[in-house]
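Take a look at the structure set out below.
Laboratory data are not the source of any read-out in this text; all were calculated from the coordinates shown. The model shown is predicted, which means the values in this text are computed figures rather than measured ones. Virtual Cβ from ideal backbone geometry, glycine too; neighbours counted across all protein chains shown.
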Amino acid sequence: MRLEPVVGDDPREILRALRSAIHGAGPALGLGMVRAMPESVRAGTAVVVTTSGSTGVPKSVVLSRDALTASALATAARIGEGAWLLALPASYVAGLQVLVRAIVADREPAILSGSFTPQAFAAAALTMASSEGGIRVPTYTSLVPAQLARLLDAADEDSGVATALRSFETILVGGQALPPVLLERAQALGARIVRTYGSTETSGGCVYDGRPLDGVGVRLVDGEVQLSGPTLADGYLGEPELTDAVFLRDGVGRRWYRTGDAGLIEDGVLRVRGRIDNVIVTGGINVSLDRVERIVRSVPGLSGAVVIGVPDDKWGEASVVVATRGEALRRSESVQLEEARAAVADEIGPHARPARLVLVDELATLPSGKPDREAIRRAVAALR
């Protein structure tokens with residue numbers, strides 16, 4: 001089957017190509033590709049999405065028509081059917097799934113054009129009102145926490161934004177953990193929020209408010225969350241060894257995806273406790289703290305710095321550079337932070353820039369002499 005890269009992020013172009021791929025008439029789509037890829041993929045493939053993955057290093061995830069459709073149908077079974085508003089990039093799996101759900105429901109999605117703003121979101125949402133046989137058609141959308149935060153801030157002053165948020169039957173929020181204070185604000189406003197958990201490898205969110213969608217399995221192995229079911233990706237394009245390492249088969253042949261997340265299950269509800277590896281999710285994008293630290297240490301005066309992740313009310317998580325005063329004071333603190341941010345933005349992207357620089361007398365270490373990252377993280381958290 002032919003693989004056709006999609007240049008750019010035009011949602012209408014992606015929708016046209018995706019509709020053909022889902023129905024089996026057209027080539028598979030290649031979204032976000034950063035390197036040369038094979039000209040063909042296995043039959044049944046709908047989309048190949050290049051993602052930062054759990055390591056912050058790009059991987060190309062192969063998603064079949066069956067997996068994407070199974071995800072859309074399971075979502076409809078859980079929250080209901082209706083019309084969808086696309087407010088996320090269509091090349092991002094959560095945005096892509098909004099389009100898939102619209103295609104499966106045989107409805108034209110509303111599309112937020114241009115940059116995301118609360119006013120544009122409200123205008124798009126309020127034009128979706130429609131009815132069939134005198135019955136209102138429910139509306140749905142999908143957001144990341146940073147978008148929800150902007151909408152809630154705007155709703156304090158703009159009644160139109162508040163009305164728009166309340167107009168949706170359900171707003172799916174995923175991509176990263178939703179801070180409890182943000183959820184409480186949304187609920188107090190009357191917005192109906194469902195927290196989703198999943199990844200590109202699971203065709204987007206497959207666990208809603210801690211409970212898996214129909215057909216999805218959840219288990220913990222050595223504290224790691226693993227997922228199974230019809231929404232799983234086929235694997236990583238051109239990387240069979242990585243595919244075999246991440247997608248496992250149990251004794252009865254069932255495939256499981258290793259998420260790399262730590263979690264626990266209480267009364268049948270999954271609670272994710274963060275990454276097992278040294279990765280944060282900021283604004284819905286995975287960022288390897290190891291990569292950020294390597295770059296930061298190239299900045300004069302920060303060669304011994306440690307980069308840790310901390311909770312962030314706006315972005316979910318953010319990175320903080322921690323360095324000793326003796327080394328860092330060779331130049332001003334503000335200059336060093338800006339140089340570190342510029343270096344990280346240049347190599348990884350602006351989303352990965354450290355939020356703060358914290359100076360300490362000495363860095364906590366383990367008996368081995370390595371930085372005690374957990375102790376450093378606790379010390380920084382105590383400063384908030």
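The table that follows gives values for the structure above.
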| item | result |
| --- | --- |
| Rounded to the nearest 20 debye, dipole of the stretch 250-384 from Cβ charges on Lys, Arg, Asp, Glu | 120 debye |
| Cβ charges +1 (Lys, Arg) and -1 (Asp, Glu), total dipole of the stretch 92-173, debye | 180 debye |
| The stretch 279-382 shape via C-alpha gyration tensor axes, a/c threshold 1.5 | oblate |
| Extension reserve of the Glu108-Asp10 stretch, reckoned as 0.36 nm per residue once the Cα distance is removed | 33.7 nm |
| Residues with amide H under 5 Å from that of Ile171, placed H, sequence gap 5 or more | Arg192, Ile193, Val194 |
| Alpha-carbon gyration tensor eigenvalues x 5, square-rooted, for the stretch 179-241, Å | 29, 13, 12 |
| Pair Leu242, Ala379: separation of 7 Å Cα→Cβ label points (nm) | 3.5 nm |
| Within the chain, percent of DSSP bridges classed antiparallel, to nearest 5 | 65 percent |
| Computed FRET value (nearest 0.05) for Phe116 with Thr365, which takes r as the C-beta separation and R₀ as 45 Å | 0.55 |
| Size descriptor, Kirkwood hydrodynamic radius, that averages inverse alpha-carbon separations across the chain, Å | 22.1 Å |
| Separation between Cα centres of the stretch 97-129 and the stretch 256-277, rounded to whole Å | 31 Å |
